[in-house]
1. Read through the list (1) within 21 Å of SER282 (Cα to Cα); (2) in a strand (DSSP E or B); (3) not polar (S, T, N, Q), then give the number of the only condition that CYS157 fails.
2. With the requirement that a residue be in a strand (DSSP E or B) and either of a type in the set (D, E, K, R) or free of Cβ contacts under 8 Å to residues at least 60 places away in the same chain (or both), what does region 272-290 give you?
3. Among the listed residues ILE110, ILE164, which satisfies the condition of being free of Cβ contacts under 8 Å to residues at least 60 places away in the same chain and among the β-branched types (Val, Ile, Thr)?
4. Here is a check on your reading of the model: is ASN377 assigned to a strand (DSSP E or B) and either surrounded by fewer than 18 Cβ atoms within 10 Å (Cβ to Cβ) or in contact with a Gly (Cβ under 6 Å, 6 or more places away or on another chain) (or both)?
5. Take the residues in region 266-280 that are more than 16 Å from the chain's Cα centre (by Cα) and closer than 19 Å to CYS388 by Cβ; name whichever of them is surrounded by the most Cβ atoms within 10 Å (Cβ to Cβ).
6. I'd like to verify a number: residues in region 103-128 that are over 10 Å from TRP39 (Cβ atoms) and among the hydroxyl-bearing types (Ser, Thr, Tyr), how many?
7. Please report, ordered by residue number, the strands (runs of 3 or more DSSP E) entirely within region 177-271 with at least 1 residues that are within 17 Å of TYR166 (Cα to Cα).
Amino acid sequence: MGNQINKTDLNVYTINANGDNTYSNVSNILKPLHYKKIWVGNCQTFALDYKNNLYSFGLNDYFQLGNLTKTNYLFNSNNNKNNNNVKTKTTIFNTFKCLNKIFPIPTTKISKISTGDGFSLFLTKEGKVYSLGKNNKYQLGYEISNKESEIINGIKCLKKPNEIEYFSKNNIFIVNIFSGSDFSFAKDEKGIFYSWGNNEHNQLAKKNNTKKYEIYPSKADLIPENQTIQNLVCGWMHCAFLNYKGEVFLWGNLLYDYDKNIKDIIEPYKLNLKGKAIEISSGFFHIGIICNVIDKYELYTFGGNDFGQLGYDIKNKNINYDIINNVNNISNNNFNDNKNNVSNDNFNHNIINHYFNKYNFNENIIYSEIPLKVEFNNKKCSVLHISCGAFHTICLLDDNSVYGFGNNEYREVGLYQSDIINYPSIVNWIDKDDNKVIQNILCGNGFTYILKVNKENFDLKKKEENANILFSEMFSEKDSIKK
């Protein structure tokens, strides 16, 4: 399902170095290889070049990279003296691993890779799904024996990918896979979704939700089979899907880590949005949605905001009638449209106080259950693409500019002046090339990739088509799709 990009320049400007406060500027070092497919996960990356060589790099503490060696493979810093705007240091390794000779699945057969927290899934062109990594919550889709597993930190792990046989045994042909932190979804050729793994917060979308864990895949029967779903994203304990009507449905628990009193959403719940949604992306605890509002593409975000990943400060945000309309419905937990037109001049401060008290805004914990609009320094440009990392967000505007906000501890936002970026800030050090445009942005946990393509191969003016090409596919795994 990955988009094959001709002569792609992959500009990687930061990478998470195992949380050791190491920064790395690795801009352009993948350029000679011209990757045709890139899959980004939590703290790991897989890349397939035009010779069908499959590479993996990043965090490998549970063998999720498939290279059989429990080592963290990271790129060496390619220090660019002309890039003074990015704080850099050298990472601990200078190689990455080619899997062709040690991987049991022929790389020519792999159509997609999806990764969660310490595990990876592999989808083949034959519709089969394989998995490896840790299996403490049955995220691999089967039980593993003591003989074939390796114990790491008391957790059974699988070093080589095994097939999830449920699908082939039941003649189910899988066409797409999606992974959350410790759970996964698969979509078959008929549009039916299956899920397995951790179900502690009802994130598996099953009517029989009494099980804490699902060892084997089974139908996610709370997702209607008649829904034409454009994209599904998974976070730490939540999921959401975008259908072709431009509607977004949410379930699981987006904010449990921020407020233990917030109840799980058991059945997919339709969000109230201003305009038609065309793209959705998810981090660990926040979601970004691009909506078409009166021929303009606006960004709305909600969820956790402890690192500024929503792009606004709710306490200081200029509340307008759209927010008041939503607040009026909070008591019923209802996101249906409120048609009462309330102007800023008639603003009711009691409603603001109710809003702040409801959402527990204080100095330490800030979050929003309501999608709110993100402003870009009063720019009138449309937002073409959004990619949510674990705790940061990167956006592409239609003037080919890139903005970022959120956690910047590892300089994943692309700015050097602060560890937290609370508002959208332009990433102005990216090389300008009149012959190339940015095709995609891929965000993981503490790192961001920028992919460029020749301008003749991509038309930024076709915004609706771009939504299908550029939308992000899953939890921190942003693979372009071309239909």
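The values are calculated or read from the model by the stated rules, or taken from the named source; none is laboratory data. The structure presented is a predicted model; accordingly, all values stated were derived computationally and were not measured. In this analysis, Cβ positions are derived from the backbone assuming ideal geometry, glycine residues included, and neighbour counts consider all displayed protein chains.
1. For CYS157, the exception is condition (1).
2. Pass one, region 272-290, residues in a strand (DSSP E or B): 276-282, 286-290.
Residues satisfying the conditions are LYS276, ALA277, GLU279.
3. On the way: ILE110 fails: free of Cβ contacts under 8 Å to residues at least 60 places away in the same chain.
Of the residues listed, the single one that is free of Cβ contacts under 8 Å to residues at least 60 places away in the same chain and among the β-branched types (Val, Ile, Thr) is ILE164.
4. no
5. Here the residue is ALA277.
6. Total meeting the criteria: 4.
7. On the way: elements: 183-188, 193-198, 213-219, 229-234, 238-243, 248-252, 265-270.
Counting at least 1 such residues, we get 183-188, 193-198, 213-219.
Rundown of residues vs (1) surrounded by fewer than 19 Cβ atoms within 10 Å (Cβ to Cβ); (2) farther than 21 Å from ILE438 by Cα; (3) modelled with pLDDT under 90, yes/no style:
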| site | (1), (2), (3) |
| --- | --- |
| ASN357 | yes, yes, yes |
| LEU372 | no, yes, no |
| GLY389 | no, no, no |
| CYS395 | no, no, no |
| ASP399 | yes, no, yes |
| GLY404 | no, no, no |
| ASN408 | no, yes, no |
